[in-house]
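K.L.:
Can you keep this structure in mind? I'll have questions shortly.
Only the coordinates and a few stated rules stand behind these numbers; no lab work does. Source: prediction; values computed, not measured. Because the Cβ atoms are built from the backbone with ideal geometry, glycine has one as well, and the counts that use them run over all protein chains shown.
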Amino acid sequence: MTSRHYHVELKVEASCLTIVPPNLHELPLKAISMKINVKGILTGTLLAMALTHSVMAAPDSIQPAPASAAQSKVVIVTEEPGHIVRYRSPRFIIYTNHFAPGDWTLYHEHRHDLLAVIAGETVAINQKLGNESSEQAVPAGTVAFFPYADMPNGYVHRISVGGTKPFINVGLDFQEAVPNVERKAALPMLEGKAVTVIGENRRGRAYRVELGAGQSLDLPVAGSALLLVALETSSIMLGDLTALSRWDSVPGDFRFFETNMPNRISNQTDHSSKAILFQAY
């Protein structure tokens, strides 16, 4: 297979989610009952995992929920204690979480489309209400899209973490209706050696960005929003049409723009810098 762009469609009830690993070989294929269709797209069945975390400053961690509370109480996702709301507007909500191995969230409900960026390698445990739990290894830099808006009754589950590494993720929750084709057509593709398209869904496009020391990437000031999620410790200069700002980041840090979007990002460190960039239609 010569194409470098892959996505995995995982069936959830009557709906579908897309998990985009940074590299196909990193995906634990043995965990998926799969087939290859004529378009070269891998399809299979797996329990959905609503993955959500990032760090703005010091990470927040939750403790294991008491069994009785975890099994009986269902809350909306923005009221779940481990989902920390970092940004809210009429069109978007960003919530983050930092789960240590052994932590459990409460059962919580999703009703809006969700984009999740998993910043660090981890083992996620998902348990849909009324079902047994399922464990899945998740590589660092995984981008997942969950079309929860298609589910009339929402999606209720809880999350835990296996293995020895924390669950670090940034979740972008889409509050508005699905954009029309005109908005999609108005957003140009990013091009250049520093960017790789890793996925596209009805809400926007995701890229993996790797900038060498001192390297810059010009960005079109277009689309409804821009999300950057750091995968490495680095110093990035963000430029808009009027000013520059320095972003000293660690894995899981993010920057989000609905206005004053940067038209350039520059790596100010003496080593390469990796990040996930998502442009919303």
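K.L.:
Suppose each label sits 7 Å from its Cα in the direction of the beta carbon; what would the Ala185-Arg111 distance come out to in nanometres?
P.N.:
Computed distance between label sites Ala185 and Arg111 equals 3.4 nm.
K.L.:
Calculate the spin-label point distance for Val250 paired with Asn263, positioning each point 7 Å from the Cα along the beta-carbon direction, and give it in nanometres.
P.N.:
Taking the simple label geometry, Asn263 and Val250 are separated by 3.4 nm.
K.L.:
At Ala222 and Leu129, where each label point lies 7 Å from the Cα along Cα→Cβ, what is the point-to-point distance in nanometres?
P.N.:
With each label point 7 Å from Cα toward Cβ, the separation is 4.2 nm.
K.L.:
Neighbouring Cβ atoms within 10 Å as the yardstick, rank Ser249, Ser133 fewest first.
P.N.:
On the way: Ser249 21, Ser133 15.
Ranked by crowding around the Cβ, least crowded first: Ser133, Ser249.
K.L.:
Now for a different question. List the residues whose amide H sits under 5 Å from the amide H of Trp247, counting only those 5 or more places along or on another chain, with H placed 1.01 Å from N in the peptide plane.
P.N.:
Ile236, Met237, Leu238
K.L.:
Also: Test of understanding: ordering His157, His83 by Cβ neighbours within 10 Å, fewest first, what list do you get?
P.N.:
On the way: His157 22, His83 26.
Placing the least packed residue first, the sequence is His157, His83.
K.L.:
Can I ask one more? I'd like the FRET efficiency for Lys165 and Ser272, computed as 1/(1 + (r/R0)^6) with the beta carbon distance as r and R0 of 25 Å, rounded to 0.05. Present the calculation step by step, with values, prior to reporting the outcome.
P.N.:
On the way: r = 22 Å, r/R0 = 0.88.
Using R0 = 25 Å, I get an efficiency of 0.70.
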